[in-house]
Amino acid sequence: MISVLGAAYELEKRYDAIHYFYANAAQGVYSGIDWIGATKAVLRDPLDAVTNPAYKIQRVGVKSKDGLGLVFQANVFGPYYLIRRIIPLLAKGKAKVVWLSSLMSDVKYLSLEDIELLRTDSSYEGSKRLVDLLHLATYKELKSLGIHQYVTHPGIFTSHSFYQYLNFFTYYGMLFLFYLARWLGSPWHNIQGYKGANAPIYVATLANPTFEHQALKYGSATYRDGMEYVVKHEIDPTGMHDAYKYIRDLAEEWDDKLKDQITNGRAVL
C-alpha cells in the first residue's frame, strides 16, 4: 500500500488536474489449465467453453506483503484507495474514471463472507464482481464532485496472461475456437486487444454523461465480420452495501497505518 500512497503523492506533485483515470488492474494467481476439463468443455459446448472458461486453475489463499488478499488488493482495493487519495485532482479535471471489469463477474463468484477472496478458487472473477459493486456504490458521490465514473469490460481477447501455459498447437487451437465462436454468433470474441478497448474508450471520450446511464456496464463487442460496437449490461446490485462498507472501513484503517509514512508534506518513507 505504500506504493499506492507514493503514486498518489507523485501525481499530486506532477499534475494540477487529472482528466482521465483508468483502473485496469488484472492480477491473477493462475497456476495452469485443467486440460481434461478444457477438452470436455470444448467437446460439450465449444461456444460456452471459450466464453466462460471454468478450467483455469487459480491458487487459493494468496496474500500480498501487506497481508491482504493479493487479487483483492491489486484489482480492487489498491485502485480504489488511489482514486480516493486523488479526488481533488480528479475533481479539478472533471475527470472520467473508467474501471475495467470482466464478462465473467457473475454474482456466484463472490461471497460476502470472503470479500478479500482468500477462500475461493475464482479470485479473479470475484475481484471483477467487486469492481462492479464498488462502481455502483460510488459513482453518484463522485458525480456530485463533477467526476463521471463508468465500469466497462473488454469482452474476450488474446492476452499474455496464459501464454506460459500454451504451446504452438494449443495457442492456435484457442485462436481458432475464438474465431469459431465469433462466427457462431458470440458478440464477445473481440480477439484483438484493440477492439477490446472500444468500450473503455467510448465511455471516456464519446459518452454523454447527461444521457448515458452510469449504473450500467459497457462492454466491447463485435459482429461476425469484426465490426465493433458497444453493449450495455444491467448490474445486479446484490451485496453492494456490504462490500462497500468493508472496503471503505478498510481504507480508513490504512489511512491510520500510513499516516506516519508522510514526511515534509510530500515524501513517502
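Readers should treat all values here as calculations from the given coordinates under stated rules, not as data from a laboratory. Quantities reported herein were computed from a predicted structural model and do not represent experimental measurements. A quick note on method: Cβ atoms are made from the backbone with ideal geometry, for glycine too, and the neighbour counts reach across all protein chains shown.
Worth pointing out:
- Hull-based mean projected area of region 20-114, where the convex hull spans the alpha carbons, in square nanometres: 8.1
- Net charge contributed by nearby residues that have their C-beta within less than 14 Å of residue 156 (K/R +1, D/E -1): +1
- The packing ranking, built from the mean of other Cβ atoms within 10 Å per residue, places the peptides 173-179, 1-7 in the order 1-7, 173-179, highest first.
- Label-to-label distance, nm, for residues given as residue 259 and residue 159 (7 Å Cα→Cβ offset): 3.7
- Here the Debye sum runs over all C-alpha atoms of the chain as equal scatterers in vacuum, and log10 of I(q)/I(0) at q = 0.08, 0.15 Å⁻¹ comes out as -0.35, -1.17.
- In the chain, the longest principal axis of the Cα atoms and the axis of helix 123-143 are about 50 degrees apart.
- Candidate aspartates and glutamates for bridging to residue 92, where Cα separation is under 17 Å - those fewer than 8 sequence places away on the same chain excluded: 10, 12, 16, 141
- Label-point separation, residue 176 to residue 91 (7 Å along Cα→Cβ), nm: 5.7
- Its Cα centre serving as origin, the chain has a Cβ charge dipole (Lys and Arg +1, Asp and Glu -1) of approximately 520 debye.
- Nitroxide proxy distance, nm - points 7 Å out along Cα→Cβ at residue 166 and residue 233: 2.1
- Taking Cα atoms only, the orientation of helix 35-44 departs from the longest principal axis of the chain by about 60 degrees.
- FRET efficiency, 1/(1 + (r/R0)^6) with R0 25 Å, evaluated for residue 106 and residue 33 via beta carbons: 0.75
- Relative packing of 249-259, 216-226, which averages over residues the other C-beta atoms within 10 Å, highest first: 216-226, 249-259
- Charge sum, other residues only, whose C-beta stays under 9 Å from residue 132's C-beta, Lys/Arg counted +1 and Asp/Glu -1: +2
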